[in-house]
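Working notes, structure below.
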Amino acid sequence: MDTEQVRLVPWAEGDLWLLERTNSPEMTAHLGGPESGEKLAARHRRYVGLSSGRMYRVTLADGGETVGSVGFWERSWRDAPIWETGWGILPEFQGRGLAAAAARAVVVEARAAGGHRYLHAFPSVEHTASNGVCRRAGFTLLGQAGFEYPKGHWITSNDWRFDLTGGDEG
């Protein structure tokens, strides 16, 4: 998997600024809209303290400039434990294949972490760019599902899956 465009840097205490940058109406249009400062601070604390999974800053491999975030975390889906993933690339870096490179890099990290066979992504069916990232990163589309994100906000999502064992995808 080609991940040479980006590097993943584990989320750290000083990375709250990146959450603030990605909290724009443009970046959260498919996620229920911007969050309050209090909710961002709580999200940052969760990212720093993740004990199962990990969040990352996505940086350019050549130069180290931060371009976004990606991560994976544990959840239950259809009565089975899985890894879930999500990403966000800052607007000025979009359209360069960086989200797909970050998604491929997080597949490597989730595989190394072990514990679950599958890594899922659940972009809104209307989020053309994120669905394209899933396709380019090698995920398999399983179909649509009702999905609550954030809490209290229901959307129709596509359920994309990557088999971390190399079984049916990859």
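Quick note: the coordinates plus some simple rules give every number you see, no bench work behind them. As the structure is a prediction and not an experimental result, all values here were calculated from the model. In this analysis, Cβ positions are derived from the backbone assuming ideal geometry, glycine residues included, and neighbour counts consider all displayed protein chains.
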Considering only residues that are loosely packed, with under 13 Cβ neighbours inside 10 Å and basic (Lys, Arg), look in segment 1-59 and name the one that is farthest from Ala105 (Cα to Cα).
Arg45
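If you check Tyr56 against the conditions, is it of a type in the set (Phe, Trp, Tyr) and touching a Pro at 6+ places or on another chain (Cβ under 7 Å)?
Working: of a type in the set (Phe, Trp, Tyr): yes; touching a Pro at 6+ places or on another chain (Cβ under 7 Å): yes.
When the stated conditions are applied, Tyr56 passes them.
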Report, by residue number, each residue of segment 121-151 that is among the aliphatic types (A, V, I, L, M) and over 23 Å from Gly68 (Cα atoms).
Leu141, Leu142, Ala145
Return only the number of the condition from (1) within 23 Å of Gln144 (Cβ to Cβ); (2) in contact (Cβ under 8 Å) with a residue 60 or more places away in the chain; (3) outside any strand (DSSP E or B) that Gly88 does not satisfy.
(3)
Which number in (1) touching a His at 6+ places or on another chain (Cβ under 8 Å); (2) over 21 Å from Ala80 (Cα atoms) marks the one condition that His153 misses?
(1)
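Please note which helices (runs of 4 or more DSSP H) are completely contained in segment 7-78 and include at least 3 residues that are touching a helix residue (DSSP H, G or I) at 6+ places or on another chain (Cβ under 9 Å). Before the answer, list the steps.
Details: elements: 16-21, 25-28, 37-49.
The qualifying helices (runs of 4 or more DSSP H) are 16-21, 37-49.
Could you tell me whether any residue of segment 98-105 is touching a residue at least 60 places away in the same chain (Cβ under 8 Å) and assigned to a loop (DSSP other than H, G, I, E, B)?
Here is the first cut: in segment 98-105, the residues touching a residue at least 60 places away in the same chain (Cβ under 8 Å) are 98, 101-102, 104-105.
Narrowing further to those that are assigned to a loop (DSSP other than H, G, I, E, B): none.
There is no residue in segment 98-105 that is touching a residue at least 60 places away in the same chain (Cβ under 8 Å) and assigned to a loop (DSSP other than H, G, I, E, B).
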Identify all residues within segment 106-160 that are surrounded by 20 or more Cβ atoms within 10 Å (Cβ to Cβ) and part of a strand (DSSP E or B); write none if there are none.
Tyr118, Leu119, His120, Ala121, Ser157, Asn158, Trp160
Go through (1) touching a Phe, Trp or Tyr at 6+ places or on another chain (Cβ under 6 Å); (2) touching a residue at least 40 places away in the same chain (Cβ under 8 Å) and name the single condition Tyr47 misses.
(2)
Out of the residues in segment 73-100 that are among the small types (Gly, Ala, Ser) and closer than 18 Å to Trp11 by Cβ, which is nearest to the chain's Cα centre (by Cα)?
Gly86
Conditions (1) out of contact with any Leu (no Cβ under 9 Å at 6 or more places or on another chain); (2) closer than 21 Å to Lys151 by Cα; (3) of a type in the set (Lys, Arg): number failed by Arg96
(2)
Of the residues Ser76, Ser124, Ser157, only one is closer than 25 Å to Ser51 by Cα and among the polar types (S, T, N, Q); which?
Ser76
Can you tell me how many residues within segment 3-34 are under 17 Å from the mean Cα position of the chain (by Cα), closer than 27 Å to Thr128 by Cα and acidic (Asp, Glu)?
2
